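**Q** What follows is a structure written as structure tokens; I'll ask about it next.
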Amino acid sequence: MTLAMLPFILAFLLLVVGLYAIVAKRNLIKIIVGILVLDYAANLLLVLMGYRTPPAGGAPVAPILTGGAHEADALAATAVDPIPQALVLTSIVIGLSVTALVVALAIRLYEKYGTFDTNLMRNLKG
Amino acid sequence: MQGMSLIVKTVTRLVAGFIVLFGAYIVLYGHLTPGGGFTGGVILAGGLALVVLAFGEDYARNVLTHSWARVGDTMGALLFLLVAVLGFVGGVFFTNFLPVGAVGRLVSAGTIPVSNLAIGIKVGAGLFGVFVALAVFRRTAAGGQEPGQSIEPDA
């Protein structure tokens, strides 16, 4: 448990918070917020895996090419890994689509039962 | 869902074109700058949702209808499938058959800009269709109905 593992531990803590909200909460909106937090914690963990320090020493930079095509090799030596960031971009939009689906389900459940309490939804006969 | 005040409508008329243009820029320059099909499609859907919110649901029934969202959705998917099947020209499914130009030019990187365009159209139309289905469709009354009745689109 060195200090370098602290970002990973905090991202895992965020994942646990989201999971707790899904499992232990009764209100449907709080469960939806738990689903969102779980999704963002997974995306954050993926971006953190792409961090690397340059082998020549010094601080790593963002993988954005600002000097033109002839500086590509110099950038590749000091930049962090750009592939996890590109994949997490699509994952964030997928999280948006999952949010839209879950919110549509919540709207429909509210119209059918008149409440957001999941304990009551087991007792009412609709 | 009614439209908003005159100030919002006037500003939306001025700004909505620029939002769609910005979304198209993010989609087309996806192989050079951060972005690509997914984020550009989200910006496009946001611009269209702004127009529907500002002008009311009559605009969403007559001009930017749900059928246009469906057409855009399927056209994006078919274009992506066309890019993959045309890879047979190069010999293998989904291989690159366009010339790979110099690094940093706009016309470069093979079939990646075409894939970005297909995904941008599909994500924009799909998310706009989700927004229209959630906000514009008229829903039947809650409580005291059979389980068979469900969300229905208007006439």
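**Q** Specify the residue that is farthest from the other protein chains (Cβ to nearest Cβ); the eligible residues are those in the range B:97-132 that are assigned to a loop (DSSP other than H, G, I, E, B) and of a type in the set (A, V, I, L, M).
**A** Looking at the filtered set, the residue picked out is B:L98.
**Q** Still on this model: With the requirement that a residue be at the interface with chain B (Cβ under 9 Å from one of its Cβ atoms) and free of Cβ contacts under 8 Å to residues at least 60 places away in the same chain, what does the range A:100-109 give you?
**A** The answer is A:A100, A:L101, A:A104, A:I107, A:R108.
**Q** Out of curiosity, is A:K30 without any contact (Cβ under 8 Å) to a residue 60 or more places away in the chain, out of contact with any Gly (no Cβ under 7 Å at 6 or more places or on another chain), closer than 30 Å to A:A104 by Cα and of a type in the set (D, E, K, R)?
**A** Criteria met by A:K30.
Let's see how each residue does on (1) within 13 Å of chain B (Cβ to nearest Cβ); (2) at pLDDT below 85:
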{"residue": "A:G58", "(1), (2)": "no, yes"}
{"residue": "A:D73", "(1), (2)": "yes, yes"}
{"residue": "A:A76", "(1), (2)": "yes, yes"}
{"residue": "A:P82", "(1), (2)": "yes, yes"}
{"residue": "A:S91", "(1), (2)": "yes, no"}
{"residue": "A:V98", "(1), (2)": "yes, no"}
{"residue": "A:Y113", "(1), (2)": "yes, yes"}
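**Q** Let me ask something additional. Return the only residue of A:A104, A:A76 being under 30 Å from B:A135 (Cβ atoms) and part of a helix (DSSP H, G or I).
**A** A:A104
**Q** Which is part of a loop (DSSP other than H, G, I, E, B) and of a type outside the set (K, R), of A:Y51, A:Y20, A:Y110?
**A** Of A:Y51, A:Y20, A:Y110, the one residue that is part of a loop (DSSP other than H, G, I, E, B) and of a type outside the set (K, R) is A:Y51.
**Q** Same structure, new question: Does the range B:51-72 contain any residue that is among the small types (G, A, S), crowded, with 16+ Cβ neighbours inside 10 Å and in contact with a Pro (Cβ under 9 Å, 6 or more places away or on another chain)?
**A** No, the range B:51-72 contains no residue that is among the small types (G, A, S), crowded, with 16+ Cβ neighbours inside 10 Å and in contact with a Pro (Cβ under 9 Å, 6 or more places away or on another chain).
**Q** Hey, which of the helices (runs of 4 or more DSSP H) in the range B:1-96, taking only ones fully inside, have at least 2 residues that are within 18 Å of B:L127 (Cβ to Cβ) and either without any contact (Cβ under 8 Å) to a residue 40 or more places away in the chain or in contact with a Cys (Cβ under 7 Å, 6 or more places away or on another chain) (or both)?
**A** By residue number, B:6-28, B:37-55, B:66-85.
**Q** Quick check: is even one residue across the range A:61-71 assigned to a helix (DSSP H, G or I), within 11 Å of chain B (Cβ to nearest Cβ) and either touching a helix residue (DSSP H, G or I) at 6+ places or on another chain (Cβ under 9 Å) or not charged (D, E, K, R) (or both)?
**A** yes
The values are calculated or read from the model by the stated rules, or taken from the named source; none is laboratory data. The structure presented is a predicted model; accordingly, all values stated were derived computationally and were not measured. When we count neighbours, we look across all protein chains shown, and the Cβ atoms used for this are built from the backbone with ideal geometry, even at glycine.
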